[in-house]
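Trainee: So that we are looking at the same thing, I have put the structure below in structure tokens.
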Amino acid sequence: MNLTKLRNEQIRLIKYLEEGGYSKTVISEIKSEIKNVLKYGKYYDSYLDYYENYIKVTYSSKNARRRKYYSLTVIMNFDIYDEYPTRNHYKHKLIDNSNYAKLNDNFKKIIDNYKQEAIKQNKKENTIKNNSIAGASFLIFMQNKGYDNILDITENDILDYISDDNGNFKYSSLYLKSAKYVLKENISYFEEIKNIIELFPIIYTPIKNIEYLTDEEIEKVKSIVNDDNTDIPLRDKAIIILLLYTGLRRSDIANLKLSNIDWQNEKINIVQEKTQEPLELPLLPIIGNALFNYITKERPKVNYDNIFIKLNANLPIKADAINAIVKKVFGLLNIRQNKRKGTHIFRYKIATLLLKNEIPQVIISQILGHKSPETLKYYLSADFSHLKQCALSIETFEKEKEVQL
């Protein structure tokens, strides 16, 4: 293994772990493992070889092997991919047990082709990952049935993949679309794959009624974030206010930068994480005041451009933290305890409020940052004020006469 980078830059990894609030035990184990790798790693071709040899020559406990595996994975991700861990999560695994790793070369090439095309189209990393997982799931199923060439697959094989013994669908329409995306991006490599794509049945997903915040719940949320006597951090209040008045997605709030705020022109300018489309929103006074209070009174002095920083570590918050903040506020208010609590309910509320006030749908889509106005159709099922206008009166229907016994 080439350990030059690890030898020269190991301090950077340790500093990240210390600032990220990792336990002293974890940091100590990773430090110790770095010393071992630097001492013995030159005798091995890879981190996996190093780990497998450790398993062979030691009689370590299961817990010791688990800790060794974690430390080596963190070090490998930093050394080879220049990536830091996110708590117990890391992007690249020491041992790859994924479906992709088990595919034959022909099927692996289909996933590889998809990734190349998706990268050319600037698809999001998470989209590429999820579609690849769905595609690999489909291909490993076919490989286990004995196929090594996708063009030999029949319609019955595809039906076996998507349905169980009772004829019920095993996968959502979205998951199957992901598998089909992978196949479609291979058409330029061999056109015959069109025939396989056409064998997939169309599965319609019914649109469910969307939950959103009621007017009463909105007022309760407003009251708690405007109350100076609550113990809610200024950071959390600013986040809730952004949700209430902008409908921004949680990922965009987590990624919000100091440089995104145009204080002079009272604008918020971002590039949305989900769509990669630019979005400009007004910096309303209530939003500006909440952000200003947090930035000047509570936000720690860090080098990050991200506005929102963790309370217990000098690191930017992640999107999942936004959900946790919302859940905490709802808990304090004792609302929505057995209902949907995600941040999307704020977006639904803004959409229905704008629809109720006869704002054109194209404008609403722009405010919510939709890439296509078609996306708004999922919000229409919650537009009760207009749905009531479509309801049929039962006054004209004949009532059945009561039968006297």
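Trainee: Among Asn166, Ile196, Val182, flag the residue with its Cα farthest along the positive direction of the charge dipole of segment 130-201, charges on Cβ as +1 for Lys/Arg and -1 for Asp/Glu.
Mentor: About the Cα centre, the residue reaching furthest to the positive side is Val182.
Trainee: What is the fewest-to-most order of Met76, Met1 by other Cβ atoms lying within 10 Å of their Cβ?
Mentor: Ordered from fewest to most neighbouring Cβ atoms within 10 Å, Met76, Met1 come out as Met1, Met76.
Trainee: Fewest first, what order do Arg65, Arg336, Arg250 take by the number of other Cβ atoms within 10 Å?
Mentor: Arg65, Arg336, Arg250
Trainee: What dipole magnitude, in Debye to the nearest 20, does segment 4-81 give about its Cα centre under +1 on Lys/Arg Cβ and -1 on Asp/Glu Cβ?
Mentor: Once rounded to the nearest 20, the dipole reads 260 debye.
Trainee: Rounded, prolate or oblate: pick one for segment 4-81, where a ≥ b ≥ c are the square roots of the eigenvalues of its C-alpha gyration tensor, a/c under 1.5 means rounded, and failing that, prolate if a/b is larger than b/c, else oblate.
Mentor: oblate
Trainee: Okay, moving on. Going by how many other beta carbons lie within 10 Å of each one, how would you line up Thr4, Thr73, Thr127, Thr246, fewest first?
Mentor: Starting with the residue having the fewest Cβ neighbours, the order is Thr4, Thr127, Thr73, Thr246.
Trainee: Can I ask one more? Taking amide H positions as placed 1.01 Å from N in the peptide plane, with prolines and chain starts having none, which residues 5 or more places from Lys257, or on another chain, fall under 5 Å of its amide H?
Mentor: The list, which skips near neighbours in sequence, is Ile307.
Trainee: Once the piece of chain linking Lys339 and Leu174 is laid out straight, how much longer is it, given 0.36 nm per residue of separation minus the C-alpha distance between them?
Mentor: Length difference between fully extended and current span is 57.0 nm.
Trainee: Now for a separate question. Using alpha carbons only, how many angstrom separate the centre of segment 1-28 from the centre of segment 119-198?
Mentor: Centre-to-centre (Cα) distance: 40 Å.
Trainee: Using R₀ = 45 Å, calculate the FRET efficiency as 1/(1 + (r/R₀)^6) where r is the Cβ-Cβ separation of Lys62 and Asn303; round to 0.05.
Mentor: That pair, Lys62 with Asn303, gives E of 0.65.
Trainee: Among the listed pairs Lys68/Lys108; Lys297/Lys327; Lys68/Lys145; Lys68/Lys180; Lys5/Lys180, which have their C-alpha atoms separated by more than 32 angstrom in this model?
Mentor: Lys68/Lys145; Lys68/Lys180; Lys5/Lys180
Trainee: Please get the size of the charge dipole for segment 107-187, origin at its Cα centre, with Cβ charges of +1 on Lys and Arg and -1 on Asp and Glu, quoted in debye to the nearest 20.
Mentor: So the magnitude is around 540 debye.
Here, each number is a calculation from the coordinates, and none is a lab measurement. This structure is a prediction, so every number in the text was calculated from the model and none was measured. Cβ coordinates were reconstructed from backbone atoms using ideal geometry, including for glycine residues, and neighbour counts include every protein chain displayed.
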